[in-house]
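The values are calculated or read from the model by the stated rules, or taken from the named source; none is laboratory data. Model, not experiment: these values are computed from the prediction. With ideal geometry, Cβ positions are generated from the backbone for all residues, glycine too; neighbour counts draw on all protein chains shown.
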Amino acid sequence: MIQGIGASAGIAIGKAFVLPNWEWDLPEQKIDVADLAKEFDRLYEGIKTSKVEIEQIKGELREAVGTAESHIFDAHLAILEDPVFMNEVQGIIQRQYKVAEVAVKEAIDHFVTMFDLLDDEYMKERALDIKDVGNRLLKHLLGAPEIKLPSDTQPFILVAKELSPSQLAHLNTQHVLGIVTLAGSTTSHSAIMARALGIPLVVGLEAKLERPIQTGERLVLDGDTGELLINPGEAALARYRALRGEQQEERRKLHQLAGVSAVSADGKTIALAANISSLKELEVALPVGIHGVGLFRTEFLYMDRTDFPDEEEQFEVYRTVAEKLNGQPVVIRTLDIGGDKQLDYFELPEEDNPFLGYRAIRISLDRKDLFKTQLRAILRASHYGQVKMMYPLISSVEEVRAANTLLEEAKRELHAEGLPFNQHMPIGIMIEVPAAVQIADMLAEEVDFFSIGTNDLVQFALAVDRMNDQIAHLYEPLHPAVLRMLKATVEAAKSRGIKVGVCGELAGDSRALPIWLGLDVDELSMSSPTVLNVKNRLLGTSQTDSRELLSALMDCRTSAEIGTTLLEFKRKSDAARAEQTVSKSE
């Protein structure tokens, strides 16, 4: 068994098809001065053809996985129009008298090498984009055919050193059982698309393989654990087939709960909502019986494109989400970029601590023009459904008031223009900074609801960068300090009569469900695949018992004690539920 990184969930079993690396037979001869114009014409024609092809792929992808993912190809179009990249290619042609394809290849190699040397995962992913665009341009300059996938209908597991979004866009999901890439990360464009397409994916295997995988070899991959088996024995195959069958059966049983109300064993209702970043994710979430959207990450509308989305584009997306929810609520979070979320076209300053720097509401209040555009779009969408809005990374009353001042300006503008909107659209904030916890009582008097973002709250409370592998073991959501912060936040909200929800990863962790019941939170928002698991746990858990458990948890001195206490509570709850099921059947 080889241990990689699980980047898209699911188990795949099948034969490998190894995608060949791009290999180009480039001409060595140089050109005469008289041929320069001809080479430039060939270059421009290749660029034009590549753009048409990318636009076609983008359109096809929009139908398959949604608008947000299709914007990945805006970044590819931007590279073909980038003056730095094109000046490099033109300079090689003009100064060194090389043919266009050689100039393109040298320019690709230059930028890819430069980006790969940077200790920055985001820039390494941009290197793959440049390579993808460059190879597409080379293909047209050389008149080379596309590398074709198997033409028969036998499903296969695709193996590649790295997989570009262009290649992934053309995959027939009925034929591709899973994907293995030697390079890549869980945050790459290809990983994002694989998850949207529902294809199991394991990445990061380059240093783990003792020999190359061969086409036709039988593979087993687990996109949850990152495990890969090459030519496994019958015992291992049987084990993974059984595990895959169990997963499918469990999903089938859980799906029967989609229409069941999310109510605890003793009558406490909790709204179970979905976190989404695109219309495609909403389509995936609706069949599991969500109670609306508790977190719409709008920053994904801004990513992988060449410029900021305008008001009309944002309005259309927000309105569509509101209408598709058919009266159920959608909480739209305003732009949350910075930290680990960058924009190609908006240069953020170099910072020693970007998670603590220029990001989220700080950018919005600094760039009021961008913020106002988004506020207007959200307000206009509020006319078409139960739209709520919240500000991220709030740490002071002043920030809330400054944001609301701009909101009131946007309302006055829309009113003057005769555009309809909900004058009383609920406004909330994310509680994800320790300072916000400390003044939660004051903040509760300024807004209509709280949403606790546990991901950032944990890392800020514990001073642990959640992206740093060296200290990942210190990132502990069940730390006693975190528990106290959660309790203080919910109590402040309840005492001021406002609702409180949770939208971080801990919301979808079923072991934490008794904590939320004990605290009496109103909503849990999570990735759609976890909704039914949490609902299943909720149906068999008592709020009365959870309150007693919470009291015991508050006395625990370590994360391990809290985890053990929660596991013991789950064991007893499961046993009691099983006993009740047997009694009913008798």
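What tally of residues in the range 288-298 results from selecting those that are on the phi < 0 side of the Ramachandran plot and either hydroxyl-bearing (Ser, Thr, Tyr) or touching a Pro at 6+ places or on another chain (Cβ under 9 Å) (or both)?
Total meeting the criteria: 5.
(1) at pLDDT below 90; (2) within 19 Å of the chain's Cα centre (by Cα): which one isn't true of Tyr318, the others all being true?
With respect to (1) at pLDDT below 90; (2) within 19 Å of the chain's Cα centre (by Cα), Tyr318 is out only on (1).
Can you find, within the range 532-580, the residue that is modelled with the lowest pLDDT among those that are part of a helix (DSSP H, G or I) and of a type in the set (Ser, Thr, Tyr)?
We begin by selecting, within the range 532-580, every residue part of a helix (DSSP H, G or I); these are 532-539, 543-553, 559-580.
The next check asks that each one be of a type in the set (Ser, Thr, Tyr); those that pass are 544, 546, 551, 559, 564-565, 573.
Values: Thr544: 96, Ser546: 97, Ser551: 96, Ser559: 95, Thr564: 95, Thr565: 96, Ser573: 86.
That would be Ser573.
Restricting attention to the range 341-363, which residues are in contact (Cβ under 8 Å) with a residue 40 or more places away in the chain and of a type in the set (Ser, Thr, Tyr)?
If the condition is that a residue be in contact (Cβ under 8 Å) with a residue 40 or more places away in the chain and of a type in the set (Ser, Thr, Tyr), then Tyr345 is the only one that fits.
Residues of the range 195-208 being surrounded by 15 or more Cβ atoms within 10 Å (Cβ to Cβ) and either within 12 Å of Thr181 (Cβ to Cβ) or not basic (Lys, Arg) (or both), which ones?
Ala196, Leu197, Ile199, Pro200, Leu201, Val202, Val203, Gly204, Leu205
How many residues does the range 507-531 contain that are modelled with pLDDT of 95 or more and not hydrophobic (A, V, I, L, M, F, W, C)?
Of the residues in the range 507-531, 6 are modelled with pLDDT of 95 or more and not hydrophobic (A, V, I, L, M, F, W, C).
Among the residues of the range 296-326, write down those that are assigned to a loop (DSSP other than H, G, I, E, B) and among the polar types (S, T, N, Q).
Thr306, Asn326
Looking at the range 484-497, can you tell me whether even one residue there is on the phi > 0 side of the Ramachandran plot, at pLDDT below 95 and assigned to a loop (DSSP other than H, G, I, E, B)?
No, every residue in the range 484-497 fails to be on the phi > 0 side of the Ramachandran plot, at pLDDT below 95 and assigned to a loop (DSSP other than H, G, I, E, B).
Of the residues that make up the range 271-287, is at least one surrounded by 13 or more Cβ atoms within 10 Å (Cβ to Cβ) and over 27 Å from the mean Cα position of the chain (by Cα)?
No, the range 271-287 contains no residue that is surrounded by 13 or more Cβ atoms within 10 Å (Cβ to Cβ) and over 27 Å from the mean Cα position of the chain (by Cα).
Among the residues of the range 535-579, which ones are without any contact (Cβ under 8 Å) to a residue 24 or more places away in the chain and within 12 Å of Arg511 (Cα to Cα)?
Thr564, Thr565, Glu568, Arg571
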